[in-house]
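Since the structure comes first, as structure tokens, the remarks are kept for the end.
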Amino acid sequence: QGYRAEMDNPAMLMLLPPVLRNRKDVLFGNMPEIYDFHNKIFLHSLESCLGAPERVGCCFLDRREDFQMYEKYCQNKPRSESLWRQCSESSFFQECQRKLEHKLGLDSYLLKPVQRLTKYQLLLKELLKYSTSCDGVQELQEALVAMLDLLKSVNDSMHQISITGYDGDLSELGKVLMQGSFSVWAGHRKGPTKMKDLARFKPMQRHLFLYEKALVFCKKREEHGDGYDKTSSYSFKHFLKMNAVGITENVKGDHRKFEIWYSGREEVYVVQAQTVDLKMAWLNEIRKILF
């Protein structure tokens with residue numbers, strides 16, 4: 001209220017930088033929606049568990065869909081930060097902060113929803129620790145899984161919005177199921193490369209995004225900013241449609257490698273994960289799509 005409402009205050013209009021006019025929704029994202037959800041719905045539902053904390057799991061499960069609003073907030077965050085950087089020194093913000101007697105600037109508060117998102121799973125883990133054999137344990141466990149899934153989904157979509165150079169609309173490829181960095185060796189049937197020769201070449205470092213309908217290969221670029229402003233972007237290289245992909249789960253000589261081949265081995269990619277567990281997690285998701 002101390003900032004957002006002031007942007008509509010005629011008395012403050014003189015101090016408002018032109019770049020901020022009519023851009024409340026960029027700076028604050030859907031924070032009002034998150035606030036209303038907590039204030040009018042979720043808080044009451046949690047308060048009804050005061051006498052029976054083990055029922056908290058149900059509160060999360062009943063409202064699972066509503067928590068998607070955090071994903072929207074996080075996706076807008078880079079735009080919000082960029083706008084904030086342009087006008088953080090303006091007298092408008094200084095005046096608002098002075099009136100509120102806040103030690104911290106607005107940016108600290110804009111970060112709160114992102115921080116809050118990571119705290120839900122900590123709360124649920126803590127509750128589970130003390131709820132070994134009572135009613136509601138099952139729901140607490142399910143709620144924890146749901147919140148960890150949400151965190152992963154938000155994290156994946158945050159990476160996805162940094163993909164540059166893709167011509168089409170990424171949302172048409174379905175949901176992002178996994179994303180991560182790998183060493184990749186590529187071979188083509190057209191060329192004379194034999195699989196055993198592949199291993200001799202230096203691998204490419206690629207950031208892979210697994211969508212429901214495609215596997216997207218990108219090259220990661222570190223953008224240079226200061227502190228938390230450092231952002232990565234991913235320049236699009238190519239993609240494979242999942243309906244023409246095949247996998248070979250084990251590659252001789254290294255348990256962390258697997259093979260992805262395309263349109264009847266026309267193209268072959270040897271992919272090396274950082275750990276065997278990571279490889280298995282990816283294979284598991286790829287299998288679900290293929291079968």
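The values are calculated or read from the model by the stated rules, or taken from the named source; none is laboratory data. The shown structure was predicted, so the numbers you read here are calculated from the model rather than taken from an experiment. Ideal geometry is used to build each Cβ from the backbone, glycine not excepted, and the neighbour counts take in all protein chains shown. Accessible surface is based on the protein model in full, side chains and every heavy atom, while ligands, DNA and RNA are left aside. Shrake-Rupley method; radii C 1.70, N 1.55, O 1.52, S 1.80 Å.
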Give the stretch 98-145 a look and list any residue that's closer than 25 Å to GLN68 by Cβ, over 21 Å from the mean Cα position of the chain (by Cα) and not in a helix (DSSP H, G or I), or say none. GLY136
Within the stretch 235-243, identify whether any single residue is open to solvent by less than 30 Å² (accessible area, probe 1.4 Å) and under 30 Å from SER82 (Cβ atoms), and answer yes or no. yes
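I'm checking my understanding of the structure. Among residues of the stretch 147-173 that are under 12 Å from the mean Cα position of the chain (by Cα) and within 14 Å of PHE236 (Cβ to Cβ), which one is surrounded by the most Cβ atoms within 10 Å (Cβ to Cβ)?
If we take residues in the stretch 147-173 being under 12 Å from the mean Cα position of the chain (by Cα) and within 14 Å of PHE236 (Cβ to Cβ), then GLN160 is surrounded by the most Cβ atoms within 10 Å (Cβ to Cβ).
So that you can scan it fast, the table gives a plain yes or no per residue for (1) assigned to a strand (DSSP E or B); (2) at pLDDT 95 or above:
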| site | (1), (2) |
| --- | --- |
| GLY246 | yes, no |
| ARG265 | no, no |
| VAL268 | yes, no |
| VAL271 | yes, yes |
| ASP277 | no, yes |
| TRP282 | no, yes |
| ILE286 | no, yes |
Looking for something open to solvent by less than 30 Å² (accessible area, probe 1.4 Å) and not in a helix (DSSP H, G or I) - is there at least one such residue anywhere in the stretch 34-55? yes
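Do you know which of the residues in the stretch 126-146 that are β-branched (Val, Ile, Thr) and open to solvent by 70 Å² or more (accessible area, probe 1.4 Å) is farthest from LYS213 (Cα to Cα)? Break it down into steps so the answer makes sense when it comes.
Narrowing the stretch 126-146 to residues β-branched (Val, Ile, Thr): 132, 137, 145.
Next, only the ones that are open to solvent by 70 Å² or more (accessible area, probe 1.4 Å) stay: 132, 145.
On the way: THR132: 41, VAL145: 25 Å.
Looking at residues that are β-branched (Val, Ile, Thr) and open to solvent by 70 Å² or more (accessible area, probe 1.4 Å), I get THR132.
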Only residues that are over 29 Å from PHE60 (Cβ atoms) and in a helix (DSSP H, G or I): list them for the stretch 17-26, please. PRO18, VAL19, LEU20, LYS24, VAL26
